[in-house]
C-alpha cells in the first residue's frame, strides 16, 4: 500500500494534515501535563481527556482540511495547466500559448514555456523551408546525370552509371521522406481508417503484392493522413519484402487504436528489436538497395506514431514472423467521435 501520495496536491495536503495533528496532540500533551499538576494539588475532579478536546480537534481538523484543499488546489492548478499545455504542444505545434497569469513564479514559467514554443515553431518552419530547397536542389543534378549517362556509348558502363544514379535517388527520396515525416505542420483531420487501409491494400494488389486486410471495424481517427499512410506503407513494404506477404489487422477501442501488420518471415533478433527502429539501422548487411533498403522505413513509422502521441511496437510472433503495431491513442475529441460512431 502506498503511504505517500503520488501527486503534488496529495503530498501538500498530507503535510498540512500531519502538521495540524502534531500541533493538536502537542497541545493535548501540554494539557495533560497541566492536569497532572492540578491532580497533584488535590483537584480530584479532573481526570481523563475531556470530550471538548476531541470536538475541538475534529472541528479544527475539518476546517484546516477544507482550507488546505482550496489552497493546495490554487498552488497546483498552474502546474497542471503547464502539463496540459506541454502535452497539447507535443500533439500540435499550432496549439495556443499558455496564459501568462497568476503569481510571479507561475507567470515566469508560462513566459519561459511560450518562448520555448516559439523557438521550436521557428526551428520547424526553417527546417521545412530547407527541406523544400534540398528536395529541389538534389533532384536537379540527379536528372542531369541521368541525361548525360544516356550519352555514354559503352552499354555496360551506362548501365552501371544508371544503377548508381538509381541508388542515389532512392537514398535521397528515402531521406526526404524521413525528414518530411518529422514535420507536423500537416493539419489534423478525421481519417476513415477502414477506407485508408482498403486503399492501401488496393494499391498493393495492383502491384500484385500479397497483402491481406482482415475484416474489422474502426471509428474515424483524428490524425495526419499523409504521415499515417506513409508509416503503414513502409510497414507493409517491409512485411512483403522480408516475410513474403503482409496481413493487416485493426483493433479499435475507446482509448486507443491499434493497427497491426504481420508477416511470416524470419523475424528480428530480440536484442535488435529496440535498435532496428533507429534511422539508417539495417539488419541486412549487403549494400544492395533491392535487398536491404536504406534503413529508414521503421524510423519513419516510429516517428509517425510519436507524432500522434503513440508508439511503434515490434514483437516476434510465436509461430514465426514479425508483428509491427502502430499504437495510436485517441484524444478526447477522437474518443467522443468513436463513442458516437459506435
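The values are calculated or read from the model by the stated rules, or taken from the named source; none is laboratory data. All figures in this text were calculated on a predicted structure; none of them were measured in a lab. No Cβ is skipped: glycine too gets one built from the backbone with ideal geometry, and neighbour counts run over all protein chains shown.
Just checking, does segment 120-127 include any residue being outside any helix (DSSP H, G or I), farther than 27 Å from residue 329 by Cα and out of contact with any helix residue (DSSP H, G or I) (no Cβ under 7 Å at 6 or more places or on another chain)?
no
Just checking, does segment 112-130 include any residue being over 24 Å from the mean Cα position of the chain (by Cα) and closer than 21 Å to residue 171 by Cβ?
Looking through segment 112-130, at least one residue is over 24 Å from the mean Cα position of the chain (by Cα) and closer than 21 Å to residue 171 by Cβ.
Here are some residues: 194, 208. Which one is surrounded by 14 or more Cβ atoms within 10 Å (Cβ to Cβ), out of contact with any helix residue (DSSP H, G or I) (no Cβ under 9 Å at 6 or more places or on another chain) and either part of a helix (DSSP H, G or I) or modelled with pLDDT of 85 or more (or both)?
Going through 194, 208 in turn, the sole match is 194.
Here are the criteria: (1) in contact (Cβ under 8 Å) with a residue 12 or more places away in the chain; (2) more than 18 Å from residue 298 (Cβ to Cβ). Tell me which single one residue 206 does not satisfy.
(1)
What's the total number of residues in segment 251-281 that are closer than 18 Å to residue 316 by Cα and in a strand (DSSP E or B)?
Total meeting the criteria: 5.
Given 239, 290, 222, which one is at pLDDT 85 or above and part of a helix (DSSP H, G or I)?
None of the other options fit; the residue is 239.
Say we look at segment 211-220 and pick out the residues that are closer than 20 Å to residue 240 by Cα and touching a strand residue (DSSP E or B) at 6+ places or on another chain (Cβ under 6 Å); which of these is surrounded by the most Cβ atoms within 10 Å (Cβ to Cβ)?
Within segment 211-220, the match that is surrounded by the most Cβ atoms within 10 Å (Cβ to Cβ) is 211.
Tell me whether segment 221-239 contains one or more residues that are buried (at least 17 other Cβ atoms within 10 Å of the Cβ) and farther than 22 Å from residue 303 by Cα.
No: zero hits.
When segment 66-106 is examined, which residues are found to be over 28 Å from the mean Cα position of the chain (by Cα), surrounded by 14 or more Cβ atoms within 10 Å (Cβ to Cβ) and part of a loop (DSSP other than H, G, I, E, B)?
102
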